[in-house]
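Novice: This is the structure, below, for whatever I ask next.
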Amino acid sequence: MERNLRNVLVISFGFLLLFTAYSGLQSLQSSLNAEEGLGVASLSVLYAALTLSSMFLPPIIIKKLGCKWTIAVSMCCYVAFSLGNFYASWYTLIPTSAILGLGGAPLWSAKCTYLTIAGTSYAEKAGKSAKDIINQYFGIFFLVFQTSGICGNLISSLILSQSSNQGEISEEDLECCGAYDCLTGTTNSTGSERPSDFLIYTLLGVYTASGVLAVLLIIIFLDQIKSDQAATEKEKLEASSFWSTFLATFRHLKDKRQCLLIPLTMYSGFEQAFLSGDYSKSFMTCALGIHYVGYMMICFAGINSLCSLLFGKSSQFTGRKLLFALAAVLNTGCIITALLWKPDPKKLAMFFVIPGLWGVSDAVWQTQTNALYGILFEKNKEAAFANYRLWESVGFVIAFAYSTKLQVYIKMYILLSVLALAMVTYGAVEYLEAKSSPGAPAATKKENEGPRSQETHM
């Protein structure tokens, strides 16, 4: 096997093992560590640390350690989070969440840098287009990586379904489930009851082992980047130091269109946080049991991936405005349905309809918002996507921060309000674009290849 391709596969399967653990743990935080809101507080700290990390750390860490060791060290930050869950408390989970957040941005930046260098190196040897080889390598990576969400959540559901705590949920307990949850800090006697310590430790042991294997795979099998390639990359990193990146991020806010896109970008964080934090706890765990959370996230992730591919290709025919409208209608419908619906374990399919439709709308928010940034700010992509990461992370932080303080229905009204504001400001952006280029559609030809933001996956 060609050496560069082997390195791409090593990174791909390393990320698969690492995020098999992380994706499962993230989905379970609001349910597994529900006491005093520890789980969602840890996620809020995690995304706050990620925000800071994205602005400052990647150039420094990659310059000092190189891509291989940046990946290995950053992966250890994820393993620390798994270990912190063994004895989940404010003194263990919050610090390890911050460590994970700080390691997240360097991990993804080093991965992107390594794949780019590997693709360029092979293209030079083979006399092929560097762009084509790099796209091929990224395609291989995401083909392998995207299965991590399914694997991680499937493992959690299969292990936690062995719990002996499962049983019939009384009507009295069901009154505290859904949009009008009781918000008392107590749990019902069945669905929300914490699984046995043995099952939790078994699950955490599997996740930790998966993370450790990922680190070992990188350390043992991933090649170092050649010195001349590393030197070239260091020059690029020095040219884009963290201060210049930081200042460019905020200078970009002088662009009126960027300011108008802030509500839309923040909404992406709000809506993802609601599904993984509030819906999973107050609907799935409360009414069905914690072992159903994994199946819910598999439903969401599977439909999301398929629709991301579909919308990426179909946007050239439909235009982005129609897709944004579709996503807004679907999200609004899901929120209103959840407000009116009282969870009933006998109607099992209904619990998966909302995550499924949410996956369709989230596919639009991710692919089309990323594409929109790339189209509008083609000459300032680095600063534009730094703003994207910043404001989406702010959305996550705010949503997780108030998660334990408000009843679910209030959070749904907030979600609807942010969505309405996002659609108004997005409409203003489209109006400005149409006004600046009369008689020509706003760059519809470029809409079909918008990348999905990977910082969501950490």
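Novice: Pop a pseudo-label 7 angstrom from the Cα along the beta-carbon direction at both Arg3 and Ser161 and give the gap in nm to one decimal.
Specialist: Inter-label distance under the simple model: 4.6 nm.
Novice: Using the reciprocal of the averaged 1/r over all distinct C-alpha pairs, how large is the Kirkwood radius of region 384-440 in Å?
Specialist: One over the average 1/r among Cα pairs gives 13.6 Å for region 384-440.
Novice: Here is a further query. Based on Cα positions only, what radius of gyration and what Dmax would you give for region 286-331, in angstroms?
Specialist: When restricted to the Cα atoms of region 286-331, Rg and Dmax are 14.4, 42 Å.
Novice: Right, another one. Can you divide the C-alpha Rg of region 33-91 by 2.2 N^0.38 Å and report the result to two decimal places?
Specialist: 1.34
Novice: Something else now. Let me know the volume per residue of the alpha-carbon convex hull for region 254-435, in Å³.
Specialist: Values: hull volume 20.9 nm³, N = 182.
Expressed per residue, the convex hull around the Cα atoms of region 254-435 is 115 Å³.
Novice: May I ask you to give the percent of accessible area on the chain that is carbon plus sulfur, with a probe radius of 1.4 Å?
Specialist: On the chain, the fraction of accessible area on carbon and sulfur atoms equals 66 percent.
Novice: Could you tell me how many cubic angstrom of Cα convex hull volume the chain has per residue?
Specialist: Per residue, the Cα convex hull of the chain comes to 138 Å³.
Novice: Related question: Along each of the three principal axes of the Cα atoms of region 23-173, give the extent in whole Å, ordering the values from largest to smallest.
Specialist: Projected onto its principal axes, the Cα set of region 23-173 covers 69, 30, 21 Å.
Novice: Full-extension gain between Leu326 and Tyr409, please, as 0.36 nm times their residue separation minus the C-alpha to C-alpha distance. Mind showing how you got there, number by number?
Specialist: Values: separation 83, 0.36 × 83 = 29.88 nm, distance 2.30 nm.
That works out to 27.6 nm of additional length.
Novice: Next question. Please sort 13-26, 81-94 by packing, taking for each peptide the average over its residues of neighbouring beta carbons within 10 angstrom, highest first.
Specialist: 13-26, 81-94
Novice: What nm distance separates the two modelled labels at Trp90 and Glu171, each placed 7 Å from Cα along Cα→Cβ?
Specialist: Roughly 4.0 nm, to one decimal.
Novice: Express in nm, to one decimal, how much length is gained between Ser436 and Ser196 on full extension, taking 0.36 nm for each residue of separation and deducting their alpha carbon distance.
Specialist: Values: separation 240, 0.36 × 240 = 86.40 nm, distance 6.15 nm.
Stretched out fully, the Ser436 to Ser196 stretch lengthens by 80.2 nm.
Novice: Greater than 31 Å separation of Cα atoms is the criterion. Which listed pairs, Lys68/Lys131; Lys346/Lys411; Lys63/Lys381; Lys68/Lys256; Lys131/Lys321; Lys63/Lys125, meet it?
Specialist: Lys68/Lys256
Novice: Further, regarding this structure: Looking at the calculated P(r) for region 339-414, what percent of the C-alpha pair distances fall above 16 Å?
Specialist: Roughly 68 percent, rounded to a whole number.
Novice: Something else: What does the convex hull of the alpha-carbon atoms of region 78-156 project to on average, in nm²? Intermediate results must be reported in sequence, preceding the final value.
Specialist: Values: hull surface 25.3 nm².
Spelled out: convex hull of the Cα atoms, projected over all directions, averaged, 6.3 nm².
Novice: Using per-residue counts of other Cβ atoms within 10 Å, averaged over each peptide, order 316-329, 350-363 from highest down.
Specialist: Peptide ranking by packing, descending: 350-363, 316-329.
The values are calculated or read from the model by the stated rules, or taken from the named source; none is laboratory data. These figures come from a predicted structure and were not determined experimentally. Every residue, glycine as well, gets a Cβ built from its backbone with ideal geometry; the counts of neighbours run over all protein chains shown. Only protein heavy atoms, including side chains, enter the accessible area calculation; ligands, DNA and RNA are left aside. Shrake-Rupley method; radii C 1.70, N 1.55, O 1.52, S 1.80 Å.
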